[in-house]
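J.: Next up is a structure, given as C-alpha cells.
Here, each number is a calculation from the coordinates, and none is a lab measurement. Just so it is clear, the structure is predicted and the values come from calculations on it, not from any experiment.
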Amino acid sequence: MGSVLDWVVEVMRTLGAPGVGLATALETVFPPVPSEVVLPLAGYTASQGHYGLLAAITWATVGSLVGAFVLYWLGALWGAERLEAMAERIPLLHARDVERAISWFGRNGRSAIFLGRLVPGVRSFISIPAGIDRMPVLRFALYTTAGSLLWNSALIVAGYELGAQWHRVEAYVGEASVVIYAVLGVAVLWFVVRRLVRRSQQTAVER
C-alpha cells in the first residue's frame, strides 16, 4: 500500500484539489487504497496549504460521483437478465432472488443509495444495482452526491483537524466496519440457513 499511498500524495500535491477528485474517482472504481485512507490524507494535505478545505471536499465529491457513474453504467450494461442467469448457476440462489432484490431496490433505492454511500465496503458497489434497476440518472446523481458529500466532508475534516495523526481516522472507521460486516455476515448466514431448510422441506415432500 505504501507505493500507492505515495502516488496519491504526489497527485494531490501536484494537481492540487483536482488531484483529490482524481484519487477519489479511482478509489471508487478500483479501490487500491480505501476512502478511509484517501480522504483523511486529503484533509491533512489541505492543512499543509496545498489547497483549501472546501476545495478538497468539493473535488472529492465530484470524484465520487464520477466513479459512481462508472459503476452505474456497468450495472446497466450487465443487466438483470445476465444477473439472473448467473444466479441460477450459483448454489442456493435462483433467478427469483435477483428479481426480489431488484424489486426491493426499486422501492427503496433512494435510501439505499444515500445510506450505502456511508457504509465502508458497500459505498462503491451500491451503484451497480442502481444501474441494473435503471434508476433515473438525476435521482441517482442527487442521492449519490448527498451521501458522498456527507461521507467525504466527515473524513476530510477529520484528517484536516488531526494533521499528522490523520491515519487515526482509518482505525476509527475500521472499528465501525467490523460491526457492519458482522451484521452483514449474520444476514448472509440467515439467508443460507433458511434456503437449506426450505430445500430439505421440499425434498421431504417430494419423497
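J.: Using 0.36 nm times the number of residues separating residue 134 and residue 167, minus their current alpha carbon distance, what extension gain do you get?
T.: Stretched fully, the residue 134-residue 167 segment lengthens by 8.1 nm.
J.: Need the full-extension length gain, residue 7 to residue 82, defined as separation in residues times 0.36 nm minus the C-alpha distance. One decimal, nm. Intermediate values should be presented prior to the final figure.
T.: Details: separation 75, 0.36 × 75 = 27.00 nm, distance 3.69 nm.
Extending this stretch completely gives an extra 23.3 nm.
J.: Related question: Given Cα positions, please report Rg to Rh for the stretch 23-68, the hydrodynamic radius being the Kirkwood one.
T.: 0.97
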